[in-house]
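The values are calculated or read from the model by the stated rules, or taken from the named source; none is laboratory data. Keep in mind that this is a model prediction, so the values were computed, not measured. Cβ placement follows ideal geometry from the backbone for every residue including glycine, while neighbour counts extend to all protein chains displayed. What goes into the accessible areas is simple: the full protein's heavy atoms, side chains included, and nothing from ligands, DNA or RNA. Shrake-Rupley method; radii C 1.70, N 1.55, O 1.52, S 1.80 Å.
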Amino acid sequence: MSKIVVVGGGWSGCAAALEAKKAGCEVELFERTDMLLGTGLVGGIMRNNGRFTVTEELLAMGGGELFRVADSEARHRNIEFPGHQHANLYDVSRIEPAVRRTLEQAGVKLQLTARFTDVISEQGRVDAIVFDPYRGQAGARVEADYFVDTTGTAGPMGNCSKYGNGCAMCVLRCPTFGPRVSLCGKAGAKEIMGMKEDGSFGAMSGSCKLHKDSLSDDIRHQLDTSGVVVIPIPQQLQKSLESLGQKACQQYALKEFAENIILLDTGHAKLMTSYYPLHILRQIPGCENARFEDPYSGGIGNSMRYLALSPRDDSMKVDGLVNVFCGGEKAGLLVGHTEAIITGSLAGRNAARAAQGKSVDSIPTTLACGYGIAYVRENMQTEAGLKKKYTFSGSVLFDKMKAENLYSTDVQEIRQRVAAAGMDNFFAGSA
């Protein structure tokens, strides 16, 4: 049986592992920390705007099991907040065990607290990954036929200091489990750095978490019942709209997010801004006792991302490497859990097929997910394109979806479109 190794256990890596297993391969997933999902541990937003369309596309194509898991753990469904419609908010305290059970039941072998430090490769073919001696695995190596790199683009602490406001003690926990290592970079791929509009490198994570019990009773009640609270900010305390340009999540770079505190209930209170000086936040009504939960230094900054993008084609194969595919943020300036699941699913499916000597495929651009994958790759070829962030829930990619008539909330219409593209059973297994 062919073997696939997935490196990185975020949403993308989990999706890749599931699809490779469905396609008939032995699959081993390595994650350097003690939990899966990465930033998904503090995320929580699904199905908002164009993400609804691509979620239903993947389900219609025979994939999307992780979307079903997220739906099953939703605290709120079909909610609206500024610039966003029909969103689901999953419970960040329950989602990781649910995903872990899904992978284990599928037969994926999970290796947690397993940080690789190097690769053994020759002429672009990776033969094995080598592990961190600190974990008691000195000299340990794992071989595979094909690899999927879903190691992300955030960290280590040095990058957050060089390109951001310093280590903000985020959920990625570099000091505890060691910094991120890029499989593609170690294998010799020429990685790319994303930029902000001013030409500086990287982008800051787009939201923080507040402890719900540190907020007023009224705010907690509104969060629990409706999932959303919008609190006007006194004018003298408002951020400039320009300051939102540093965010990875450009779908939230709207004036409503500069003029209001917008909180979403994901178990914690998700604060829709990269960071907020604590002494200012505590001047806003209802937030007098506010405390950050992630990052713990959310008064000064957040994690820096998009510092190690992999050049790839639309099948998610990495340019210049023989047997490596990629997904999630490694695949480009794609923002969000939905985007990670889609790219990871495609990478895992194609890695398995390549290992079995079968053809690999891209998703047609007549579908929103295929269009987005191709659109981001094309735009990564230009400096202007590297200064933008792409998500199906907003900003330039959602605008393109609408312009191309790819956005729909009609499930039957989406299924018909998938059928017309001949993609009904694309993720259904090894057939």
- request: Kindly report, to the nearest 10 Å², the accessible surface of residue 59 as traced by a 1.4 Å probe over protein heavy atoms only.
  value: 30
statement: Rounded to the nearest 500, the 222 nm mean residue ellipticity computed for the chain from DSSP H runs (n ≥ 4, each -39500 (n - 2.57)) alone is -8500 deg cm²/dmol
- prompt: Per residue, how many Å² of accessible area does the chain show with a 1.4 Å probe?
  reply: 37
The range 296-309 - phi-based ³J(HN,Hα) in whole Hz, Karplus 6.51/-1.76/1.60, Gly and Pro as x: 5, 9, x, x, 10, x, 7, 5, 9, 10, 6, 10, 7, 7
message: Ordering 146, 390 by accessible area with a probe of 1.4 Å, largest first, what comes out?
response: 146, 390
task: Output ³J(HN,Hα) for the range 74-84: one whole-Hz value per residue in order, computed from phi by the Karplus curve 6.51 cos²θ - 1.76 cosθ + 1.60 with θ = phi - 60°, and x for Gly and Pro.
output: 5, 7, 9, 10, 6, 9, 10, 8, x, x, 9
The range 258-267 - phi-based ³J(HN,Hα) in whole Hz, Karplus 6.51/-1.76/1.60, Gly and Pro as x: 8, 9, 9, 7, 10, 10, 10, 8, 10, x
message: I need the calculated FRET efficiency for the pair residue 413 and residue 278, taking r as the beta carbon distance and R₀ as 41 Å, to the nearest 0.05.
response: 0.30
Highest-fluctuation residue, 91, 34, 127 considered, GNM on the chain with Cα pairs under 10 Å: 34
message: List the chymotrypsin sites (Phe, Trp or Tyr not before Pro) within the range 266-374 that DSSP assigns to loop and that have no more than 16 neighbouring Cβ atoms inside 10 Å.
response: 296
field: Spin-label pair residue 230/residue 404, simplified geometry with 7 Å Cα→Cβ offset, distance in nm
entry: 3.0
query: Leaving out same-chain residues fewer than 8 places away, which lysines sit with a Cα under 27 Å from that of residue 109?
result: 3, 21, 22, 186, 317, 330, 358
Added length on full extension, which subtracts the Cα-Cα distance from 0.36 nm per residue, residue 140 to residue 80: 16.7 nm
statement: In terms of the charge dipole of the chain, which places +1 on Lys and Arg and -1 on Asp and Glu at the beta carbon, the residue among 79, 222, 350 farthest towards the positive end is 350
- line: Counting only residues 5 or more apart in sequence or on a different chain, those whose built amide H sits under 5 Å from that of residue 85 are 49
message: Among 317, 162, 388, which one shows the highest mean-square fluctuation when the chain is modelled as a Gaussian network with alpha-carbon springs under 10 Å?
response: 162
query: Regarding the range 284-419, what whole-number volume in Å³ per residue does the convex hull of its Cα atoms give?
result: 174
query: How much net charge surrounds residue 35 when only other residues with a Cβ under 11 Å from its Cβ are counted (Lys, Arg +1; Asp, Glu -1)?
result: 0
message: Check which residues have an amide H placed less than 5 Å from residue 127's amide H, if you skip close sequence neighbours.
response: 120, 121, 122
Share of alpha-carbon pairs per 10 Å distance bin for the chain, given as whole %: 5, 23, 34, 26, 10, 2, 0
message: Can you compute the FRET efficiency between residue 101 and residue 161 using 1/(1 + (r/R0)^6), with r the Cβ-Cβ distance and R0 = 35 Å? Round to the nearest 0.05.
response: 0.40
field: 276, 163, reordered so the largest accessible area comes first (probe 1.4 Å)
entry: 163, 276
task: Would you mind checking which residues have amide H under 5 Å from residue 312's amide H? H placed 1.01 Å from N; only 5 or more apart, or other chain.
output: 319
- request: Working with all protein chains in place, sort 72, 297 by solvent-accessible area computed with a 1.4 Å probe, largest first.
  value: 72, 297
